[in-house]
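Here the structure comes first, spelled out in structure tokens, and everything after it is commentary.
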Amino acid sequence: MTGNGFGEIFRFTTFGESHGAAIGCVVEGVPANIPLQENDIQTALDRRRPGRSRFTTQRNEKDAVQILSGVFNGMTTGTPIGLLIENADHRSADYSEIAQKFRPAHADYPYFLKYGNRDYRGGGRSSARETALRVAAGALAVKVLRHFLNSPFDITAGLIQVGSEKTDVWNAAEINNNALFCPDSDAVSRFEKVIDDARAANDSVGAIIEIRAAGFPAGLGEPVYDRLDADLAKALMSINAVKGVEIGDGFAAARSTGRQNADEMTESANGTVFLSNHAGGILGGLSTGQPIIARIAVKPTPSVASPLKTVSADGRATVIQTTGRHDPCVGIRAVPVAEAMTACVLADHLLRLRAQYTV
């Protein structure tokens, strides 16, 4: 299997399976002499960790990260940073009944067709367990960004829709005050009811996450194939269960006119300012200095306890009913993952910009 790494200068490569002994990653491109200790990464991992509330899988993983290399006396050395997280609470027996059956809407079937073999224990490599490593890499990306940027910046994601319930309110200070990472305190109870109803029906529900990144310089991105929005879309689309990505107005731009969609500009005492941000902070593949805004659509968790029609490994029609511990709304724990992948993209492009110009 190839394609286990992401990024150019700031690059990370992950390994491991959901029910294997451990998962880990190697992060390259972190400069020397940046203060780093395990707790810097652990704080980010704890936000994504399973079992934090009744709305996520009850798999009891502490996700305790170990730094294996690249750090000496509390400072990065400039060499590859090796990270390891041991799997402590895997229950492989929960999946024995589906060893010869494919879960609909899951990666089981194409994995089997491609490799002729698959790790059915929690999905193996296709499991969202791998995203813990993305969060770990994202914590290092934030360290890199802080090392080079002289002004404050912020990367924040929030759950803005669960099923058909949604909110237009964005209060960033509220996001870490509830178990759903929702930016609207009034919407939390509505979202919770949708999730509880889905769980009671042995079902799951999808979600939409919005990501906002502010305080970044203009000029990030390369204007042809390595556009900032293209790399951001790839990063976000690579997250498990993500089925759609929007930048700025996204698909709504197709319903507007050129005049409506234009982000007009004017002068101010502090220089040029934009009067709107339909482009989501990216034009021609380059950041404009405006807040970068993206949204992702996360599908419902495919592992549900309701009986579904499927086929067996020998091609026979059958029925599958998945047991075990699964998120009724995987979009909740995807929030810190979306933040992490955004940070990785921005750190990578900041380093690429510095390779060409002084910022």
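The values are calculated or read from the model by the stated rules, or taken from the named source; none is laboratory data. Keep in mind the model is a prediction, meaning the values are calculated, not measured. As a convention, Cβ positions derive from the backbone with ideal geometry for all residues, glycine included, and neighbour counts pool all protein chains shown.
Free of Cβ contacts under 8 Å to residues at least 40 places away in the same chain and either more than 30 Å from K309 (Cβ to Cβ) or in a helix (DSSP H, G or I) (or both): which single residue out of A187, A141 fits that description? If you could, list the steps in order and put the result at the bottom.
Values: A141 fails: free of Cβ contacts under 8 Å to residues at least 40 places away in the same chain.
Residue meeting the stated conditions: A187.
Do we have V335 as closer than 17 Å to G285 by Cβ, modelled with pLDDT of 95 or more and crowded, with 21+ Cβ neighbours inside 10 Å here?
Criteria not met by V335.
From (1) in a loop (DSSP other than H, G, I, E, B); (2) without any contact (Cβ under 8 Å) to a residue 40 or more places away in the chain; (3) touching a Phe, Trp or Tyr at 6+ places or on another chain (Cβ under 9 Å), pick out the condition that doesn't hold for V169.
The number of the failed condition is (3).
All but one of (1) at pLDDT 95 or above; (2) surrounded by fewer than 15 Cβ atoms within 10 Å (Cβ to Cβ); (3) within 20 Å of the chain's Cα centre (by Cα) hold for R11; which doesn't?
(2)
I'd like to check something: does the range 343-353 contain any residue that is more than 17 Å from T156 (Cα to Cα), under 21 Å from the mean Cα position of the chain (by Cα) and in a loop (DSSP other than H, G, I, E, B)?
Scanning the range 343-353 turns up no residue that is more than 17 Å from T156 (Cα to Cα), under 21 Å from the mean Cα position of the chain (by Cα) and in a loop (DSSP other than H, G, I, E, B).
Taking A22 and the conditions (1) in contact with a helix residue (DSSP H, G or I) (Cβ under 8 Å, 6 or more places away or on another chain); (2) at pLDDT 90 or above; (3) over 28 Å from D226 (Cβ atoms); (4) not β-branched (V, I, T), which numbered condition does it fall short on, given that it satisfies the others?
Condition (1) is where A22 drops out.
Which one is nearest to E38 (Cα to Cα), of the residues in the range 128-156 that are out of contact with any helix residue (DSSP H, G or I) (no Cβ under 9 Å at 6 or more places or on another chain) and surrounded by 20 or more Cβ atoms within 10 Å (Cβ to Cβ)?
Looking at residues that are out of contact with any helix residue (DSSP H, G or I) (no Cβ under 9 Å at 6 or more places or on another chain) and surrounded by 20 or more Cβ atoms within 10 Å (Cβ to Cβ), I get L133.
What number of residues in the range 309-324 are crowded, with 17+ Cβ neighbours inside 10 Å and not small (G, A, S)? Steps first, answer last, please.
Start the filter on the range 309-324 by keeping residues that are crowded, with 17+ Cβ neighbours inside 10 Å, which leaves 310, 320, 322, 324.
Subsequent filtering for residues that are not small (G, A, S) retains 310, 320, 322.
Here the count works out to 3.
Which one is nearest to H326 (Cα to Cα) among residues in the range 112-138 that are among the basic types (K, R) and free of Cβ contacts under 8 Å to residues at least 60 places away in the same chain? Reasoning before the result, please.
Looking only at the range 112-138, we keep the residues that are among the basic types (K, R), and these are 114, 118, 121, 125, 129, 134.
Those still in the list that are free of Cβ contacts under 8 Å to residues at least 60 places away in the same chain too: 114, 118.
Working: K114: 25, R118: 19 Å.
By that ranking, first place goes to R118.
Suppose we filter A105, A157 for residues that are under 27 Å from T310 (Cα atoms), touching a residue at least 60 places away in the same chain (Cβ under 8 Å) and outside any helix (DSSP H, G or I); which single one remains?
On inspection, the qualifying residue turns out to be A105.
Any idea which residue in the range 191-214 is farthest from the chain's Cα centre (by Cα), counting only those that are assigned to a loop (DSSP other than H, G, I, E, B), surrounded by fewer than 15 Cβ atoms within 10 Å (Cβ to Cβ) and not charged (D, E, K, R)?
Residue satisfying both the conditions and the ranking: A201.
Looking only at the range 293-329, how many residues end up being in contact with a Pro (Cβ under 8 Å, 6 or more places away or on another chain), under 12 Å from R103 (Cβ atoms) and assigned to a loop (DSSP other than H, G, I, E, B)?
The total comes to 3.
Six or more apart or on different chains, Cβ atoms under 6 Å: show the pairs whose first residue is in the range 2-23 and farther than 18 Å from L236 by Cβ and whose second is of a type in the set (D, E) and surrounded by fewer than 21 Cβ atoms within 10 Å (Cβ to Cβ).
E17/D119; A22/E86
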